Amino acid sequence: ALSLFGQVKQIFDPRNLLNPGNLIDPEPLSANVRIPQLRRSPLAMKDPKFTLAVHQCTGVGKCRADTTKAGGVMCPSFQATGDEKDATRGRSRVLQEMLNGRLITDGWASSEVAEALELCLACKGCRRDCPTGIDMAAYKSRVLFEKHRRKLRPLSHYALGWLPTWGRLVTKLRLGALGNFALQTPGLSNIVRAFAGVDQRRPMPRFRTGASASHQHYELTAGAGSRGPVAIWVDSFTDAFTGGQLVALVNLLVSIGFIPRIITQDACCGLTWITTGQLDGARRQLKHALDVLTPIVQEQIPIVGMEPSCMAVWRSDAAELLPDDTRVPVVAAGIHTLAELLGSLNDWDPPSLVGHTIVAQPHCHQSSVLGWEADAALLKRTGANITTLGGCCGLAGNFGVERGHYEVSVKVAEHDLLPAIRAAGPEAIILADGFSCRKQVSDLEGSQAITLAELLVAHLS
Ligand code: SF4
Ligand code: SF4
């Protein structure tokens, strides 16, 4: 019947103008299906692993739902803008089209891809909350890597992506006072911000004057506690910028009976290189950190980390960046959060915090990679009245300080964090182990958030 219909149509529509390719001579069923097309795409054929990863998105759209009240993180940028291109799904679709090469033709450097990824906070919320395991933060790093491969990068990639290097340089050369003069003096600091690609509304952090935190406080680590040694892995931010987090941690560990040993060698996890897509640099940093940390783990000395996002690197990106390095799983298993370490002690109880109200902002990488369970269990034992926030603080490493991201960063903070702080009142304790989260609270609310170590040590009897 179709063939007869085709002959009749041919008489009345000899130039095949009406519904070409529909009923008569239709295209094969697979003609517009993405996967068969991908088999002809040079980009997709070159990188089947990445192609498979971005095609995990089934399009159901959980990433458009607001799940922060239930502890979800995904997807803060969509919650801020309400625009599909800023949802995990929208980004996945754009990356799929980039690999397909039919609608998006400029590959890694295409403007559509740049636009879709611009407001991704790299919070890793989707890595945990997306049912198919989309990890947009990792895909964004990969895109930035390919786009800028062997080319000059935006200035912010050198300023913020190499921040641990600059911090080490400043503390090693004892240039903290000079650095602070440049960062805090009006006019001069505006030039620094402009050069570094930092939003002019962002207050700049203060460098330590003198040596780095790990060198300044190294003498605190002598002791003879009965629980044996614990190595403290000081992240680059704690090491270079002002704050009492390291002293609090050392004092807490001593009070519990540990012998804290501060690791003074450089052992940066390369996180800022990862988030700016400088993956070769990240591998170099990771390999150097492995040289420092592996012998400590092999000596059976537990390592406690201070910055959740740095610890998360060992349990996520490090294995992806150095898949053949057998030291990565060894170090990943040997580094613990403070709550994990304390939770393993069955003869120690946290101080009572009955009567205190705590607003806890887990770092988004902690929620998504490390997990918050150990912290939640420990805090519960204190008897405090605890509000644990979902979502992201909105700063997310370099994202919130970069020029062009301020409004979205503030909007993300206004989703959960800032309203919760205001509702809890001025007496409430704001708990945040992440450097970014503490900076966001300080920048936007003028309040001081403290780490778990600072909280516990302040209430020891
Ligand atoms: S990104 Fe994940 S949550 Fe969003 S639509 Fe795709 S599969 Fe669903
Ligand atoms: S990393 Fe965060 S902001 Fe980016 S797509 Fe995933 S959930 Fe959204």
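The figures follow:
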quantity	calculated
All Cα pairs of the stretch 156-196, percent lying beyond 15 Å	45 percent
Rg(Cα) / (2.2 N^0.38 Å) computed for the stretch 34-148, rounded to two decimals	1.01
Gyration tensor (Cα) of the stretch 273-343, equivalent ellipsoid semi-axes in angstrom	21, 14, 9
Amide proton proximity set for ILE386, modelled H, under 5 Å, gap of 5+	ILE358
Diffusion coefficient, µm² s⁻¹, Stokes-Einstein with Kirkwood Rh over alpha-carbon pairs of the chain at 20 °C and 1.002 mPa s	89 µm²/s
Area projected by the alpha carbon convex hull of the stretch 357-458, averaged over all directions, nm²	6.1 nm²
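Here, each number is a calculation from the coordinates, and none is a lab measurement. Because the structure is predicted, anything quoted here is derived from the model rather than measured.
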